[in-house]
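K.L.:
My questions all concern the structure below.
The values are calculated or read from the model by the stated rules, or taken from the named source; none is laboratory data. If you're wondering where the values come from, they're calculated on a predicted model, not measured in any experiment. Methodologically, a virtual Cβ is constructed for each residue, glycine included, from the backbone with ideal geometry; neighbour enumeration extends over all protein chains shown. Ligands, DNA and RNA are stripped out before the accessible areas are found, and what is left, the full protein with its side chains, is counted by its heavy atoms. Shrake-Rupley method; radii C 1.70, N 1.55, O 1.52, S 1.80 Å.
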Amino acid sequence: MIVVSYADFFSNPAFYKEKAEKSAIKILPQKKEKKISRGIQKKLDALSAVIGILPSDTDEQSIKNARLARQ
C-alpha cells in the first residue's frame, strides 16, 4: 500500500493518476471527519471557556494546606 498525503496529491494530481493507471492502484477518497454530538460539544466549549482562568503561577499545594489548617 502506498500512502500519499492529500496536499501532495492535489499539488500534482496528474502525476499520481498516471502512476495509478500504470500500476493498477486505486485512489481512495478522503475520509470524512466524524461529527461530535451536541452534548460532547457543549462539554468541550465549557472546558475551553475555563482554560486560563487560574494563573499558571498559582501554588495549589499551599492553598490546600491553608484550607486544611482552617478546618
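K.L.:
Tell me, what % of the accessible area of the chain is carbon and sulfur with a 1.4 angstrom probe? List each step's numbers first, then the result.
P.N.:
Working: 4320 of 7430 Å².
Accessible surface attributable to carbon and sulfur in the chain totals 58 percent.
K.L.:
Treating the angle as unsigned and between 0 and 90°, give the value, to the nearest 10°, between the Cα long axis of helix 13-23 and the longest Cα principal axis of the chain.
P.N.:
For helix 13-23, the angle is close to 60 degrees.
K.L.:
Follow-up question, since we're still on this one. Tell me the GluC sites (Glu not before Pro) within the range 1-54 that lie in a loop according to DSSP and have at most 16 other beta-carbon atoms within 10 Å.
P.N.:
Details: sites: GLU18, GLU21, GLU33; in loops: GLU33.
Answer by residue number: GLU33.
K.L.:
So, one more: About the Cα centre of the chain, what is the dipole size in debye to 20, counting +1 per Lys and Arg Cβ and -1 per Asp and Glu Cβ, all else neutral?
P.N.:
Numbers: 14 positive and 8 negative charges, 102 e Å.
Value, rounded to 20: 500 debye.
K.L.:
Give me the 1.4 Å probe accessible area per residue for the chain, excluding ligands and nucleic acids, in Å². Don't skip to the answer; put the middle values down first.
P.N.:
Values: 7430 Å² over 71 residues.
Result: 105 Å² of accessible area for each residue.
K.L.:
Express in nm, to one decimal, how much length is gained between THR58 and ALA7 on full extension, taking 0.36 nm for each residue of separation and deducting their alpha carbon distance.
P.N.:
Numbers: separation 51, 0.36 × 51 = 18.36 nm, distance 4.32 nm.
Extending this stretch completely gives an extra 14.0 nm.
K.L.:
Convert each backbone phi in the range 39-56 into a coupling constant with the Karplus relation 6.51 cos²θ - 1.76 cosθ + 1.60 (shift: θ = phi - 60°), then list the ³J(HN,Hα) values in order as whole Hz, x for Gly and Pro.
P.N.:
Here the 3J(HN,Hα) series is x, 5, 5, 5, 5, 5, 5, 5, 5, 5, 6, 8, 5, x, 5, 8, x, 6 Hz.
K.L.:
Accessible area of LEU44, 1.4 Å probe, to the nearest 10 Å²?
P.N.:
80 Å²
K.L.:
Could you name the lysines in cross-link range of LYS35, using Cα to Cα under 21 Å and dropping any fewer than eight places away on the same chain?
P.N.:
Within the straight-line cut-off, LYS35 pairs with LYS43.
K.L.:
Still on this structure, please answer the following. Just check the chain against the gyration tensor rule for me: Cα atoms, a ≥ b ≥ c as the square roots of the eigenvalues, rounded for a/c under 1.5, and otherwise prolate or oblate depending on whether a/b exceeds b/c. If you can, show how the numbers build up before the last one.
P.N.:
Numbers: a/c = 4.96, a/b = 3.41, b/c = 1.45.
Prolate shape, in that a/c is at least 1.5 and a/b is the bigger ratio.
K.L.:
Next question. For ASP8, what accessible area in Å² do you get when you roll a 1.4 Å probe over the heavy atoms of the protein chains, rounding to the nearest 10?
P.N.:
Accessible area, nearest 10 Å²: 80 Å².
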